[in-house]
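Read the structure below first, then the notes.
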Amino acid sequence: MRLKLSSVLLPSVLLLGPACIVEAPGGASPQERRAATVAQVPPLSLRNGANLGGKVELVGATVQPGRLTPGEQAKVTLYFKVLQPIEEDYLVFVHVEDAEGRMERMNVDHKPAGGLYATSQWKPGETVKDEFAIYLPAGAGPRALNIWLGLWEPRTDTRLRLTNPDAVRNDGRDRILLGQVPVAR
């Protein structure tokens, strides 16, 4: 009788108790760094200028298409200008909310640059490109969606502080309003 290795190991691992997955330390390869950064920010549909902790500036973003259709998704691209080294690995937190507040919030939290380039590896002077998708379920009926975001460190549950709240739209809790995306009817 031949046993598959996975059928033998899985029960053994489960008997050891709770486990924690820890990512191995390392750095982005030069190829990953090139894929995650841009030499020049393209013309933007949304300008911003939010300064997060004196370490990062959210230069702006694009949303394609610029009008969301229920049942389809839009691609959002953020551009972060690195001002100072960042010691922690932050996630990009994204809250997509109905402009009228009638729909449940969608969380699109994620590792920046598709997980290829952690914030602790960002170099001052670089502009890091971060892409993600937002999706509006078929049948959803909001007239517009607000996209709120910032940088969040999950171990301590802290956000990187918005240092220029008078310069950008925000909620007073270090959440930046990136913009409002209209919904096609």
| task | Would you point out the residue of segment 38-58, among those that are crowded, with 17+ Cβ neighbours inside 10 Å and not in a loop (DSSP other than H, G, I, E, B), that is modelled with the lowest pLDDT? | result | L46
| request: Determine, yes or no, whether K75 is more than 11 Å from the chain's Cα centre (by Cα) and over 23 Å from A184 (Cα atoms). | output: no
| said: Please pick out the residue among V168, V128 that is open to solvent by less than 70 Å² (accessible area, probe 1.4 Å), outside any strand (DSSP E or B), of a type in the set (V, I, T) and within 21 Å of T77 (Cα to Cα). | reply: V168
| query | Is there any pair linking a residue in segment 132-153 that is closer than 28 Å to L116 by Cβ and among the hydroxyl-bearing types (S, T, Y) to one that is open to solvent by 40 Å² or more (accessible area, probe 1.4 Å) and modelled with pLDDT under 95, with Cβ under 6 Å and at least six apart or on different chains, and which? | reply | Y135/Q73
| remark: For segment 140-157, the count of residues that are farther than 22 Å from G66 by Cβ, part of a strand (DSSP E or B) and either open to solvent by 60 Å² or more (accessible area, probe 1.4 Å) or in contact with a Leu (Cβ under 6 Å, 6 or more places away or on another chain) (or both) equals 2
| query | Is segment 77-89 home to any residue that is in a strand (DSSP E or B) and open to solvent by 50 Å² or more (accessible area, probe 1.4 Å)? | reply | yes
| note | Matching residues in segment 65-76 (surrounded by 13 or more Cβ atoms within 10 Å (Cβ to Cβ) and either in a strand (DSSP E or B) or without any contact (Cβ under 8 Å) to a residue 12 or more places away in the chain (or both)) number 4
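The values are calculated or read from the model by the stated rules, or taken from the named source; none is laboratory data. If you're wondering where the values come from, they're calculated on a predicted model, not measured in any experiment. Neighbour counts are summed over all protein chains in view; Cβ atoms, including those assigned to glycine, are modelled from backbone coordinates with ideal geometry. Just the protein is used for accessible areas: all its heavy atoms, side chains included, with ligands, DNA and RNA removed. Shrake-Rupley method; radii C 1.70, N 1.55, O 1.52, S 1.80 Å.
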